[in-house]
1. When the solvent-accessible surface of protein heavy atoms is calculated with a 1.4 angstrom probe, in what order do 156, 57 fall, highest first?
2. For the stretch 48-64, in order, what is each residue's ³J(HN,Hα) by Karplus, 6.51 cos²θ - 1.76 cosθ + 1.60 with θ = phi - 60°, in whole Hz (x at glycine and Pro)?
3. If I compute solvent accessible area with a 1.4 Å probe over the protein chains, what percent of it on the chain is carbon and sulfur?
4. How far apart, in nanometres, would the label points at residue 94 and residue 270 be if each is projected 7 angstrom from Cα along the Cα-to-Cβ direction?
5. Just to check, using Stokes-Einstein with a Kirkwood Rh over alpha carbon pairs, what's the diffusion coefficient of the stretch 77-117 at 10 °C and 1.306 mPa s in µm²/s?
6. For the stretch 157-286, what number results from the quotient of the Cα radius of gyration and 2.2 N^0.38 Å?
7. Quick one: what are the phi-derived ³J(HN,Hα) couplings along the stretch 234-249, Karplus 6.51/-1.76/1.60 with θ = phi - 60°, whole Hz, x for glycine and proline?
8. Just want the answer: with Cβ charges of +1 for Lys and Arg and -1 for Asp and Glu, which residue in 61, 108, 15 is farthest toward the dipole's positive end in the stretch 1-139?
Amino acid sequence: MSARISASVFTSHVPAIGAAMDLGKTEEPYWEPLFAGYEPSRSWMSENTPDAIVLVYNDHATAFSLDFIPTFAIGTAAQFPVADEGWGPRQVPDVVGHPKLAAHIAQSVIQQDFDLTIVNKLPVDHGLTVPLSLMFGQPDEWPCPVIPVAVNVVQYPVPSGRRCLELGKAIRRAVEAFDDDLDIQIWGTGGMSHQLQGPRAGLINSDFDNAFLDRLVSDPEALSATPHIDYVREAGSEGIELVMWFVARGAMNDLAGGASPTQIHRFYHVPASNTAVGHLILENAG
Ligand code: DHB
Ligand code: FE
């Protein structure tokens with residue numbers, strides 16, 4: 001038996017969601033509907049905890065700065081400390097990596113012509129820890145190892161949706177070529193519509209977001225051709241984070257000739273801080 005990708009999880013990553021959890025505010029009227037939308041996900045996850053997660057996220061000038069900007073990077077360390085984003089690190093567990101599988105994915109994906117940057121020292125910010133908190137709650141340690149895959153969506157030029165989809169396909173091939181019998185999930189995070197600065201700060205576009213969720217499930221190849229300018233125009237400057245969802249979608253069976261995934265859960269909620277929150281779980285057959 002080799003490793004295989006069993007499911008993909010898609011979720012937004014707003015820092016205020018992490019703060020709401022850390023400060024015990026999840027029952028407050030503002031937050032209650034948001035966390036209610038993740039209840040089905042947490043119960044599904046408790047039955048379907050994988051052996052490891054490939055977590056596609058973006059760093060927000062925390063580990064990387066304008067000094068160097070990798071387009072795609074993979075964390076190969078045994079441990080990833082929780083980053084201090086200016087208010088001290090969140091009081092959540094450090095993230096345990098999977099160096100053996102990460103090194104294998106790096107080898108395989110680079111040989112498939114994707115130039116991943118290898119990162120051996122990587123403090124992880126809300127882009128990675130908030131999705132973990134949403135899916136797992138507040139455990140003393142995260143239930144499985146995580147391999148961070150960082151995508152630059154902060155400083156232009158950022159990669160295209162199509163390139164992200166193809167990277168997902170390459171990661172799937174890499175996972176399937178790993179000899180250990182492992183159940184792997186791949187998560188695509190960030191988005192949905194939001195803009196944090198300028199005259200359009202606070203922009204939300206529910207029609208765009210819901211059409212994106214529909215087409216991500218039903219027609220990801222065509223959706224991945226959406227040009228950057230359409231995200232900026234329709235989904236705000238930070239809506240471009242959505243290209244990261246294509247990496248996870250590209251790793252699903254149907255894009256390698258297999259059956260369409262089952263949609264386990266879909267949720268959409270506005271607002272969370274300045275962001276529209278979208279969430280999907282797709283499961284591969286068998
Ligand atoms: C917010 C959203 C983000 O994606 C982010 O990285 C920081 C802040 C927000 O909505 O406040
Ligand atoms: Fe962000």
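The values are calculated or read from the model by the stated rules, or taken from the named source; none is laboratory data. The structure presented is a predicted model; accordingly, all values stated were derived computationally and were not measured. Here the Cβ is made from the backbone with ideal geometry for all residues, glycine too, and neighbour counts use every protein chain on show. Ligands, DNA and RNA are stripped out before the accessible areas are found, and what is left, the full protein with its side chains, is counted by its heavy atoms. Shrake-Rupley method; radii C 1.70, N 1.55, O 1.52, S 1.80 Å.
1. Ranking 156, 57 by accessible area, largest first, yields 156, 57.
2. Calculated HN-Hα couplings, in order: 10, 5, x, 7, 6, 10, 8, 10, 8, 8, 10, 7, 9, 6, 9, 7, 9 Hz.
3. 51
4. 4.1
5. My calculation gives 131 µm²/s for D.
6. Numbers: Rg = 15.2 Å, N = 130, 2.2 N^0.38 = 14.0 Å.
Computed over Cα atoms of the stretch 157-286, the ratio equals 1.08.
7. Coupling constants for the stretch 234-249: 8, 10, x, 4, 8, x, 4, 3, 4, 4, 5, 5, 5, 4, 5, 5 Hz.
8. 108
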